[in-house]
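The values are calculated or read from the model by the stated rules, or taken from the named source; none is laboratory data. Here the structure is a predicted model, which means the values were calculated and not measured. No Cβ is skipped: glycine too gets one built from the backbone with ideal geometry, and neighbour counts run over all protein chains shown.
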Amino acid sequence: MKLTGSQIFWTLSTVEIIMAVWLRVSPAIETAKQDAWMSMIIAGAIGLAITYLVTHVSLLHPGETLTQFSRKLLGGWIGRIVILPYFVAWFLLSGDVLRSFADFIHLTILDRTPIWILMVMILALAVYLTGISGITGIGRFCELAGPVTFITLILTFLLNAMNTKLLHILPIVGDSSWQEVFKASLPPASFFGESFMLLVLLAFISSKKKIIVKALSSIVFTSIMVMLATVMVLLVFGPYVGMELRFSYFMLVRSINILNFIQNVDVLVIFIWIFGVFAKISLYLFITSYEMAQWLHVKNWKKLMWFCAPAIFIIALLIPNEASIMMLQKLWERIVIPVCAIAIPLFLWMMTVMRRKITKH
Amino acid sequence: MNSANQKPTNIDPNLPLSRHLVDNEHMLKTMFERCSDVIFRDVTLQGDTKLLFIYVDGMIDKDIIQSVILKPLIYEGIPQGVGPIDSIAQMCDQQLFAVLQTKKVNTFRDAADDILKGHLAILADGEPTVLLTDVSDYETRSIEEPSTESALRGTRESFTESLRTNTTMLRRIIVTPNLKMESYNIGKLTQTEVVLAYIDGLVSTSMLDEIRSRVERIDLQGVLESGYIEESIEDTHYSPFPQMLSSERPDVVSAGLMEGRVAVLVNGSPITLVVPMTFWDGLQAPDDYYERFMYITMNRWIRYLFALFAILFPSVYIALTTYHPEMVPPKLMLSITGLREQAPFPTVIEVFIMEFMFEGLREAGIRLPQQIGPLVSIVGALVIGQAAVQAGIISAPIVIVVSAAGISSFVIPRYRFGYPMRMLRFPLLVLSGIFGLFGTAIGMIAILSHLIHLTPFGSPYLQPVAPTKKNRAKNVFLRLPRKRASKS
Amino acid sequence: MKKILLIFCLLFLSASSTGCWNLKEPNQRAFIIGVGMDMTEDKELEISSEVAVPAGLGSSQVTGAGKKNTYTVVSAKGKDFMDAGQRLQAELSRSLFYAHRQTILIGHHMAEVGLDKYLDMIFRNPKSELRSVILVVKDGTAKEVIKAEPTFDPFISTTLGSQQSALGMKPYYYRMLLCDAFSEGTQPIVPAITADPSRGYVYAGSAILDKDHGIKLVGYLNPEESMYDNWIMGKQKNLTFTTSIGKRNETISIAVQSLKHRTRIKMVKHRPQIYISLHGIGSIVENNSSLDPSREDDLKTIQTKLSQEAEKKVRKLVDKAQHQYKIDIFGIGEHVHRQHPEIWKTLKPHWRETFPELPITVSVHLRYRDPGQTNSSL
């Protein structure tokens, strides 16, 4: 199981773009009004810092996943306890993503189909892909789905060019203060900070060359795309309508009207989105199963898929309503990112440096 | 029942020959019992040297036997004083016959095998060896134009059933001693010659070893077509997609060889396999590299789009009209609805009926003799196309959708690659019928996951797009001019 | 592997046997092409929907029985949009489908009462169409317009958007109404039509809605006024302008293609001063005067005359807005907001009082690029 540099790039960008463009545009507009696009840039910068940290820590332990090196650094038990927050984070995240996407599909296109069927189908396919080809397969899948998503985004922006009204983005930092701009950047930053999954993924790279560049550039790429989406939403709807829309990017797609013929293409974009969300679910299924196998000392990680997939499904089923999805996102922003993406990697980094110094002396 | 009692021969074919011609003759005659086409011919030279000629009638060149073998033997006899001669066989071999290939064997099995391949066996009294001379000459098809892979530009030759002819064609194109042709005989009954051709130095050794070991492991009664070999050495049987490129064009195979692939030629089959294959090969036409690049780039995109169309169009039609009518422009949607007003079947069923009819027509068109072939299309077009629509049984848009998708599947240059596209339509139809575009997406993801997983002979099927090889991926989408393609 | 496949297949079988939840054949849907909203005397919402009858369209088989109607109009009253929709459904055997709605018509009474309560439904419903054009029916009900027989198209509703384009305006979509209604300082200026017994409807300028008071109707602008207003707001793409010139009042017409507009705000002692400048370049399409546009002097005369005439009219419009309607129909508030966000914060609460006293300077520059096929008048 190997990943190439470009697979890292596309995996990271695909799973982050689809989530951020889908869910993070309107909340940012709500806080920062027409300056939300600046918040996206700041969020990208925060994401870059987090990514640099986790990439650096991970590359200090080539060929080892998070569980492997934390156990080596901290010893069996402490090493295991340190990993626990990650499991909580990943399981919650994948359950949350699965549920909110199924809800979204249910809302927009299949309002009479039971949600659990939609979730089971996505999960079953994820088990299939992860089971037969592991992380390599997911990487390759993202190499296909990523560019397609990217092209779709660009196309929808271009086709909306007729609907834009440049004045909507003015005044710059007039209505909202810098504080609000910064505040609005935190939720998207927490989505970009999801890159702490690199702690696991970077164990599979085929060569160390340029990996840092690839990982960082994928965050840059993601934040640019999210920023463009925000700018487009602002230009078409203006800040006041934009913040009222729950899925403003899809509304943006919906306002495309070319020659009175290409209309309502949001269903088509949702079609593309399914690919990205599927990649994300598969990726987390792999990460959780693989890490859990390391954690429990099980040789064949594929066996643990049969635990992780139902677990994700049950978490997704247990989420009662939209309010708790919001709560989970808050939890992600306030607790998971500071702990899993900043505190523990920093701690592990320090431990590594200290260990190396001790062995040198 | 009867044949079970009639044991063919009780003798062990692995036995060595004896010194006595009579014994040998008896043995061989028992082996070839009831084989009316095997001829035994006794010749006595100068009164004392007894020779026995055995051959299969119709597989040898009688002129050569008469002029090159029989004449000198009978009229001139054994030449004298040329030096010590161990055996008649050796004498014939070295001094007498103006034939190219000869060999000596000394078991009945080897002798029988070669006789059956069109060799002339010569047995001499007092010698436990058989001299076999290759005088085989049987009727074969001449080289014709490729029938399944026609190209506007490029060679007009196609492979024939004769392996030698085929290898010759390759040799004529690739003139280097590095073009290796390893030969295997496969099939207990057919003893078919299978040749692995590759260019030494270009081919990856690990892949070659893998292919070799797989070919050696083949255990078949008979090999009638290269499809037998394909099935025996492919990675997985559970895939609708072909894992080997099959071609009857020497230029396609040579191109494959020069890219470092291995060609598998099978005697008796004009279809040569090229391993490994990628997804994109299935969508490339033989003359892609002979025409101007811009035009071909456009053509490639048309093919990619139509391939997608072939697999998706009917299911997307169902999804859009029955699940997401908001996506169809209002005017179009209203005229579709207007045409559907009296349709008795639900859309999904309608598409299914038409798809089945279409596949039936296609199948009928292949099997029918050429004289009645057009009849099928007339009946199909009239009955199914027009009458069904006019009678209001099938709505007109469905006919358009199904035939458009059918035609798109024929745009795919390799006909074998069109099969999976047409076949996968059906599961996609079911999925879209239940879940709309979500179902279509799920189906596509499943197909993609499968394609990603396929790695025939260790090379990923979707290469060079996933995993991405930057320099080569460009060529999948653009077919750059040669100079630039080799530079990048 | 096989087990997974088996489970998958089983799941499928169960799924397909329980039915295709969302499947609905196209001929089980009633496609709504246009919607009219009226307010009845007793303050009830009346929805009239133009529903397409697909059998009357396209299909060539329906020839013998005579042409069927292409549409039917159903109307129902209700507490809100969906409540009325539910009653509409009672009249139809096919389920209503809103995503192809091309037009929303607002009756005069409805506009007077205010639209704000009913905006939400159109955005919230995911099947709803955002690209409907929205119009106000001046002095009439939406119902009577929607019932009218169209001239060209099979549906009257689809013609309304194309009529706006034909008049050189950018079609006013529902999305834009929302943007204006939620904006800081732009009032929604919605195109208006009047019902006409022979043609169905006639373009009648625009309706001024007041977003600060429940998107209520304030008044109407006639077609010419709304043309200038659209120019200032950037909603006009081209226009034809005619003026009389010389002693004998000969007319000359110019078709103006590239319209430019600019609104500048200058702050003088914390009081904004507004400069509206309009530019247009076009070609002379009719010249009944003795002036020869190929001559420098005549050209100048024509241009200044045209510009002055236009300027006068815009000034009149500004005057009307400031003193008759007392409402900012030019989106000047929005410009103040964009150019001076700090000052806007103080101005915004009493913008309505400030607006009528604002010094507004208007300048119009019309130039012509192309004299047409002839020089002087034939």
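Observations
- Residues (farther than 20 Å from B:PHE435 by Cβ and within 7 Å of chain C (Cβ to nearest Cβ)) located in segment B:322-353: B:PRO330, B:MET333, B:LEU334, B:SER335, B:ILE336, B:THR337, B:GLY338, B:LEU339, B:ARG340, B:GLU341
- Those residues of segment B:454-471 which are of a type outside the set (Val, Ile, Thr), over 18 Å from B:SER246 (Cα atoms) and surrounded by fewer than 22 Cβ atoms within 10 Å (Cβ to Cβ), in sequence order: B:GLY458, B:GLN463, B:PRO464, B:PRO467, B:LYS469, B:LYS470, B:ASN471
Matching residues to (1) assigned by TED's automatic domain parsing to the domain that holds C:LEU366; (2) more than 17 Å from C:LEU177 (Cα to Cα); (3) touching a residue at least 60 places away in the same chain (Cβ under 8 Å):
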position: C:PRO191; (1), (2), (3): no, no, no
position: C:ALA204; (1), (2), (3): no, yes, yes
position: C:GLY214; (1), (2), (3): no, no, yes
position: C:MET233; (1), (2), (3): yes, no, yes
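- In the set B:THR321, B:THR297, only one residue is assigned to a helix (DSSP H, G or I), farther than 22 Å from B:VAL411 by Cα and among the hydroxyl-bearing types (Ser, Thr, Tyr); that residue is B:THR321.
- Among residues of segment A:244-281, those that are in contact with a Leu (Cβ under 7 Å, 6 or more places away or on another chain), at pLDDT below 80 and facing another protein chain (nearest Cβ under 7 Å), counted: 0
- Set C:PRO171, C:PRO191: member being surrounded by fewer than 22 Cβ atoms within 10 Å (Cβ to Cβ) and within 26 Å of A:LEU167 (Cα to Cα): C:PRO171
- Enumeration of residues in segment C:263-301 that are of a type in the set (D, E, K, R) and farther than 18 Å from C:ILE232 by Cα: C:LYS269, C:ARG271, C:GLU286, C:ASP292, C:ARG295, C:GLU296, C:ASP297, C:ASP298, C:LYS300
- Matching residues, segment A:152-197, being of a type outside the set (Val, Ile, Thr), part of a helix (DSSP H, G or I) and farther than 25 Å from A:TRP332 by Cα: A:LEU153, A:LEU155, A:PHE157, A:LEU158, A:LEU159, A:ALA161, A:MET162, A:ASN163, A:LEU166, A:LEU167, A:HIS168
- Only one of the listed residues (A:GLY95, A:GLY44, A:GLY79) is more than 14 Å from every other protein chain (Cβ to nearest Cβ), in a helix (DSSP H, G or I) and in contact with a Lys or Arg (Cβ under 6 Å, 6 or more places away or on another chain). That residue is A:GLY79.
- A:TRP77 being over 22 Å from A:TRP273 (Cβ atoms) and more than 22 Å from the chain's Cα centre (by Cα): yes
Okay, residues lined up against (1) closer than 30 Å to A:ILE132 by Cα; (2) surrounded by fewer than 14 Cβ atoms within 10 Å (Cβ to Cβ); (3) in contact with a Phe, Trp or Tyr (Cβ under 8 Å, 6 or more places away or on another chain):
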| position | (1), (2), (3) |
| --- | --- |
| B:GLU157 | no, no, no |
| B:LEU189 | no, yes, no |
| B:THR192 | no, no, no |
| B:GLU210 | yes, no, yes |
| B:GLU216 | yes, yes, yes |
| B:GLY227 | yes, no, no |
| B:SER239 | yes, no, no |
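- Of residues in segment A:100-133 being within 21 Å of the chain's Cα centre (by Cα) and hydroxyl-bearing (Ser, Thr, Tyr), the one nearest to the other protein chains (Cβ to nearest Cβ): A:THR130
- Of the residues making up segment B:182-214, those that are in contact with a Ser or Thr (Cβ under 8 Å, 6 or more places away or on another chain) and not in a strand (DSSP E or B) are B:MET207, B:ARG214.
- Subset tally (residues that are within 21 Å of B:ILE447 (Cβ to Cβ) and in contact with a His (Cβ under 8 Å, 6 or more places away or on another chain)) for segment A:110-123: 1
- Of all the residues in segment A:71-97, those that are farther than 17 Å from A:VAL336 by Cβ and crowded, with 18+ Cβ neighbours inside 10 Å number 4.
- In this structure, B:SER147 does satisfy being touching a residue at least 60 places away in the same chain (Cβ under 8 Å), farther than 30 Å from B:ILE452 by Cα and within 16 Å of the chain's Cα centre (by Cα).
- Per the conditions (1) closer than 17 Å to C:ASP328 by Cα; (2) in a loop (DSSP other than H, G, I, E, B), the sole criterion not satisfied by C:TYR220 is (2).
- Of residues in segment B:414-473 being of a type in the set (D, E, K, R) and not in a helix (DSSP H, G or I), the one farthest from A:HIS106 (Cα to Cα): B:ARG414
- Cross-chain or 6+ apart pairs with Cβ under 6 Å, segment B:352-367 first and closer than 15 Å to B:VAL383 by Cβ, then at pLDDT 85 or above and in a helix (DSSP H, G or I): B:MET354/B:ILE398; B:MET354/B:VAL402; B:PHE358/B:VAL402; B:PHE358/B:GLY406
- The strands (runs of 3 or more DSSP E) falling completely within segment C:94-183 that include 1 or more residues that are at the interface with another protein chain (Cβ under 9 Å from one of its Cβ atoms) and in contact (Cβ under 8 Å) with a residue 12 or more places away in the chain map to C:95-97.
- Restricting attention to segment B:159-180 and to residues that are touching a residue at least 40 places away in the same chain (Cβ under 8 Å) and under 21 Å from B:ARG212 (Cα atoms), the residue that is surrounded by the most Cβ atoms within 10 Å (Cβ to Cβ) turns out to be B:ASN166.
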